[in-house]
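A.B. asks: The structure under discussion is supplied below as C-alpha cells; questions concerning it will follow.
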Amino acid sequence: MSLPPGLRHVVAKTRLFTDARNYIIVRLPLTQITEAALLVRQLRSPLVSLTWDKDELSLILPAETWESCRPGFEILNESPEYRLITFDLPLDLGLVGYLALMAATVAEAGVSIYPVSAFSRDHFFVPAEDFERAWEALRQRIRTCQTEEAADSD
C-alpha cells in the first residue's frame with residue numbers, strides 16, 4: 001500500500017505502548033452517570049474512558065478494578081477481556097488517514113478493535129487473546145514505514 005509521504009512519516013515515528021493489563025468494556029444505563037463518573041474520578045490507570053450518548057454509557061477500565069466495583073452497578077452488557085495499545089505520539093487533529101491505516105493493519109491480521117481517541121493520542125483495545133497478533137502487525141507496519149523513510153532520505 002502506497003502512503004502519502006506525510007502519513008508515512010508520522011507512522012514511522014509511532015511508538016506503541018501497552019500496560020500489560022486486561023480491561024473490560026461495560027455498557028451501563030444512563031441513570032448511572034453519577035456513579036460511573038465518581039468511579040472514573042478515583043481511578044489511576046494509563047487509560048480509563050467514560051463515554052455517553054443518547055442511549056447508554058460505555059465505561060472502559062482495568063478488569064481487576066471492575067471486579068471489585070461491579071456489585072454497585074446495573075450492567076446492561078460486559079465485554080470479555082481486552083488489552084490496550086496506545087499510539088504513543090501526539091497526533092495533529094488535522095492528520096488524515098492515520099487511524100484508518102492502523103485499523104486496516106490490525107484488520108488485515110484478523111483482529112477486531114475498539115478504538116478510543118483522546119485529544120492528541122489514539123488507542124485500540126483488542127481482544128486479549130489477539131493482542132500479540134495485533135501488536136506484531138502494527139510493529140511491522142511501523143518498521144515498513146521506517147525503512148521506506150530511510151530509503152527516501154538516502
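A.B. asks: So is Asp92 farther than 20 Å from Arg44 by Cβ, surrounded by fewer than 18 Cβ atoms within 10 Å (Cβ to Cβ) and of a type in the set (D, E, K, R) or not? Please lay out each step first, then the result.
C.D. replies: Numbers: farther than 20 Å from Arg44 by Cβ: yes; surrounded by fewer than 18 Cβ atoms within 10 Å (Cβ to Cβ): yes; of a type in the set (D, E, K, R): yes.
When the stated conditions are applied, Asp92 passes them.
A.B. asks: Go through (1) assigned to a helix (DSSP H, G or I); (2) touching a Phe, Trp or Tyr at 6+ places or on another chain (Cβ under 8 Å); (3) more than 30 Å from Gln146 (Cα to Cα) for Tyr23 and report which single condition fails.
C.D. replies: Checking Tyr23 against (1) assigned to a helix (DSSP H, G or I); (2) touching a Phe, Trp or Tyr at 6+ places or on another chain (Cβ under 8 Å); (3) more than 30 Å from Gln146 (Cα to Cα), the one that fails is (1).
A.B. asks: Here is a list: Val126, Val116, Val111, Val96. Which entry is closer than 20 Å to Ala12 by Cβ and either more than 12 Å from the chain's Cα centre (by Cα) or of a type outside the set (Gly, Ala, Ser) (or both)? Steps first, answer last, please.
C.D. replies: Numbers: Val126 fails: closer than 20 Å to Ala12 by Cβ; Val116 fails: closer than 20 Å to Ala12 by Cβ; Val111 fails: closer than 20 Å to Ala12 by Cβ.
Result: Val96 is the single residue among Val126, Val116, Val111, Val96 that is closer than 20 Å to Ala12 by Cβ and either more than 12 Å from the chain's Cα centre (by Cα) or of a type outside the set (Gly, Ala, Ser) (or both).
A.B. asks: Still on this structure, I have one more. Pull up the stretch 44-66, narrow it to residues that are of a type in the set (A, V, I, L, M, F, W, C) and out of contact with any strand residue (DSSP E or B) (no Cβ under 6 Å at 6 or more places or on another chain), then point me to the one that is surrounded by the fewest Cβ atoms within 10 Å (Cβ to Cβ). Spell out the reasoning first.
C.D. replies: If we filter the stretch 44-66 for residues that are of a type in the set (A, V, I, L, M, F, W, C), which is where we start, we get 47-48, 50, 52, 57, 59-61, 63, 66.
From the residues that got through so far, the ones that are out of contact with any strand residue (DSSP E or B) (no Cβ under 6 Å at 6 or more places or on another chain) too are 52, 61.
Details: Trp52: 15, Leu61: 22.
Among them, the one singled out is Trp52.
A.B. asks: In this structure, does Ser2 turn out to be in a helix (DSSP H, G or I), of a type outside the set (Val, Ile, Thr) and free of Cβ contacts under 8 Å to residues at least 24 places away in the same chain? Let's see the steps before the verdict.
C.D. replies: On the way: in a helix (DSSP H, G or I): no; of a type outside the set (Val, Ile, Thr): yes; free of Cβ contacts under 8 Å to residues at least 24 places away in the same chain: yes.
Judged against the criteria, Ser2 is not a match.
A.B. asks: If I filter the stretch 131-145 for residues that are farther than 16 Å from Thr86 by Cβ and touching a residue at least 40 places away in the same chain (Cβ under 8 Å), do I get at least one hit?
C.D. replies: Yes, the stretch 131-145 contains a residue that is farther than 16 Å from Thr86 by Cβ and touching a residue at least 40 places away in the same chain (Cβ under 8 Å).
A.B. asks: Got a number for residues in the stretch 55-83 being charged (D, E, K, R), outside any strand (DSSP E or B) and modelled with pLDDT of 95 or more? Before you say what the answer is, go through the steps one by one.
C.D. replies: Restricting attention to the stretch 55-83, the residues satisfying the condition of being charged (D, E, K, R) are 55-56, 64, 67, 70, 74, 78, 81, 83.
Right, trim to outside any strand (DSSP E or B) and you get 55-56, 64, 67, 70, 74, 81.
Restricting the remaining residues to those that are modelled with pLDDT of 95 or more gives 81.
Adding up the residues that qualify gives 1.
A.B. asks: Give me the pairs: first residue in the stretch 41-68 and aromatic (Phe, Trp, Tyr), second residue surrounded by 15 or more Cβ atoms within 10 Å (Cβ to Cβ) and assigned to a strand (DSSP E or B), beta-carbon distance under 8 Å, and six or more apart or on different chains, which are they?
C.D. replies: Trp52/Ser58; Trp66/Ile24; Trp66/Val26
A.B. asks: For the list (1) of a type in the set (Ser, Thr, Tyr); (2) surrounded by fewer than 17 Cβ atoms within 10 Å (Cβ to Cβ); (3) under 20 Å from Leu7 (Cα atoms); (4) touching a Pro at 6+ places or on another chain (Cβ under 8 Å), I need the number of the one condition that Thr86 fails.
C.D. replies: (2)
A.B. asks: On the given criteria, is Glu35 more than 30 Å from Glu136 (Cα to Cα), touching a Gly at 6+ places or on another chain (Cβ under 9 Å), in contact (Cβ under 8 Å) with a residue 12 or more places away in the chain and not in a strand (DSSP E or B)?
C.D. replies: Values: more than 30 Å from Glu136 (Cα to Cα): yes; touching a Gly at 6+ places or on another chain (Cβ under 9 Å): yes; in contact (Cβ under 8 Å) with a residue 12 or more places away in the chain: yes; not in a strand (DSSP E or B): yes.
When the stated conditions are applied, Glu35 passes them.
A.B. asks: Further question: Does the stretch 16-43 hold any residues that are modelled with pLDDT under 90 and surrounded by 14 or more Cβ atoms within 10 Å (Cβ to Cβ), and which are they?
C.D. replies: Scanning the stretch 16-43 gives no hits.
A.B. asks: Mind checking which residues of the stretch 73-97 are within 18 Å of Val48 (Cα to Cα) and of a type in the set (Gly, Ala, Ser)?
C.D. replies: Ser79, the sole residue that qualifies.
The values are calculated or read from the model by the stated rules, or taken from the named source; none is laboratory data. Please read these numbers as outputs of a predicted model, since none were measured by experiment. Please note: Cβ atoms are built from the backbone with ideal geometry, for glycine as well, and neighbour counts cover all protein chains shown.
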